[in-house]
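Written out below as structure tokens is the structure these notes cover.
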Amino acid sequence: MEFCLSSSSRSITRFGNLVILIAFLISLMCFKSTDAYDALDPNGNITIKWDIISWTPDGYNAVVTIYNFQKYRHIQAPGWQLGWTWAKKEVIWSATGGQATEQGDCSRFKGNIPHCCKRDPTIVDLLPGTPYNQQTANCCKGGVISSWVQDPQKAVSSFQLGVGQAGTSNKTVRLPKNFTLQAPGPGYTCGPAKKGKPSKFPTPDGRRVTQALMTWNVTCTYSQFLAQKTPTCCVSLSSFYNDTIVNCPTCACGCKNNITKPGTCVEPDSPFLASALVSSGKNDNNPLVRCTEHMCPIRVHWHIKTNYKEYWRVKLTIQNFNYRMNYSQWNLVVQHPNFDNLTQIFSFNYEPLVSYGSINDTAMFWGIKFYNDLLMQGGPFGNVQSEIIFQKDKSRFTFEKGWAFPRRVYFNGDNCVMPPPDAYPYLPNASAHSALTLLHSLTAVLVSLILLYSHTL
């Protein structure tokens with residue numbers, strides 16, 4: 001009987017473990033990744049709209065438009081690349097405002113040769129200065145697209161395609177599959193194409209509206225982890241009330257490793273810097289950064305500059321340590337609880353990002369056009385800076401416990417590495433208070449020991 005009970009207990013235990021294992025596997029199957037979710041821009045995405053505007057003898061003419069609905073993440077040089085896989089044996093007869101990167105094998109065609117015969121074409125934007133007869137609306141910017149807050153009118157890019165061997169009606173056309181978006185590197189994941197309501201196009205005079213024959217949409221979302229396994233920026237801190245400068249965390253974006261991996265960084269006064277830049281080539285987008293302890297291409301410095309009776313002042317500096325790259329149309333997003341009382345800012349454009357109802361604790365900054373909207377590559381001119389004046393809210397303002405420093409900082413949409421909170425510059429009176437407290441404690445212990453010793457005599 002004792003053996004039977006023991007065997008039964010083991011069976012129940014095994015069954016319970018099996019149930020737990022099955023539940024765990026089901027939870028993994030049902031789990032949805034949230035690495036592309038952005039709390040500051042929960043609805044931000046890039047939407048690709050494909051509008052068929054006319055039928056042709058063996059296909060159709062379409063307008064493909066890329067909308068950047070992200071508040072503060074833009075597409076910088078060398079621009080976007082849009083790819084997909086055809087559902088059948090379609091070809092691209094013509095392209096306006098964009099071009100396929102490869103023609104593919106068009107040997108089966110005699111006479112009139114298509115623009116692209118690849119089953120999985122990749123389209124890029126044309127460059128500025130393209131002849132007028134090859135342009136279309138919102139094209140020819142080299143694939144650079146502004147973020148929605150910085151410039152909504154430039155947050156759009158489009159091109160036209162003449163597609164053949166595709167079917168000539170809504171019932172015979174098949175939607176392309178496997179959309180990909182490089183902007184300019186990885187980071188975006190695109191969902192399947194979905195049919196939507198036909199787009200409408202008003203005429204310039206506003207008196208007539210035409211309609212697409214067929215429309216489908218593709219939504220692409222961004223993940224910093226997919227774009228870059230390591231961070232690309234870091235934050236350093238300083239203040240007027242403490243001589244300590246809190247540098248970026250060591251190895252925030254990687255570690256110096258010129259011994260096993262030569263050329264990963266370069267000293268600014270190195271004679272090899274010029275030769276390294278020349279040998280890199282114009283199309284080399286791999287960063288060549290200044291040798292630092294943090295090894296980040298971008299450093300953001302927050303300095304508490306002045307304390308007034310009713311106001312306080314901050315100096316904000318962005319420095320480029322990348323010798324191979326200019327950051328055009330850069331932007332900076334900072335979280336701090338005092339942004340609801342921002343009084344004045346110099347040298348930068350500013351827009352509040354209110355993502356949580358009426359809570360205004362997030363600010364977006366970007367350069368002024370033709371003045372500092374281009375963050376030059378590493379060197380003496382590789383920085384931009386501004387100063388910010390905040391009005392004090394006496395109910396919560398303090399310099400204690402790091403309150404005056406930012407909570408989070410983003411450069412070009414990527415989260416920057418912050419120093420650990422215990423390393424923030426501290427107030428001198430806080431240090432004196434701590435020393436005084438320690439002195440009182442030691443005095444109390446000493447008195448107790450004297451009293452204890454006197455009682456033992």
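The values are calculated or read from the model by the stated rules, or taken from the named source; none is laboratory data. Keep in mind the model is a prediction, meaning the values are calculated, not measured. Don't worry about glycine lacking a Cβ; one is built from the backbone with ideal geometry, like all the others, and counts go over all protein chains shown. When the accessible area is computed, the model is the full protein with side chains, heavy atoms only, and any ligands, DNA or RNA have been set aside. Shrake-Rupley method; radii C 1.70, N 1.55, O 1.52, S 1.80 Å.
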Let me confirm the definition first: pairs of Lys residues in the range 45-226, 8 or more apart or on different chains, C-alpha distance under 15 Å. How many are there? 17
For the range 392-406 and the range 315-332, what is the centre-to-centre distance using only Cα atoms, to the nearest Å? 28 Å
The range 320-382 - percent of accessible surface contributed by carbon and sulfur, probe 1.4 Å: 55 percent
Taking protein heavy atoms only, a 1.4 Å probe, and rounding to whole percent, the accessible area of the range 45-226 owed to carbon and sulfur comes out at 51 percent
Using the beta-carbon distance between SER270 and ASN415 and R0 = 30 Å, what value does 1/(1 + (r/R0)^6) give for FRET efficiency, to the nearest 0.05? 0.45
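What does the accessible area per residue of the range 45-226 come to in Å², with a 1.4 Å probe and no ligands, DNA or RNA counted?
On the way: 8870 Å² over 182 residues.
Value returned for the range 45-226: 49 Å² of accessible area per residue.
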With x for Gly and Pro, the residue-by-residue ³J(HN,Hα) of the range 159-164, computed from phi through the Karplus equation 6.51 cos²θ - 1.76 cosθ + 1.60 at θ = phi - 60° and given in whole Hz, is 8, 10, 10, x, 9, x
Whole-Hz ³J(HN,Hα) from phi, Karplus 6.51 cos²θ - 1.76 cosθ + 1.60, for the range 124-135, glycine and proline x: 10, 6, 7, 8, x, x, 4, x, 4, 6, 9, 9
Residues with amide H under 5 Å of VAL417's amide H, sequence separation 5 or more or different chain, H placed in the peptide plane at 1.01 Å from N; which? CYS233, CYS234, VAL235
Relative packing of 213-220, 303-310, 160-167, 391-398, which averages over residues the other C-beta atoms within 10 Å, highest first: 160-167, 213-220, 303-310, 391-398
Take the range 45-226, compute every pairwise Cα distance, and split them into 10 Å bins from 0; I just need the percent in each bin. 9, 37, 38, 14, 1
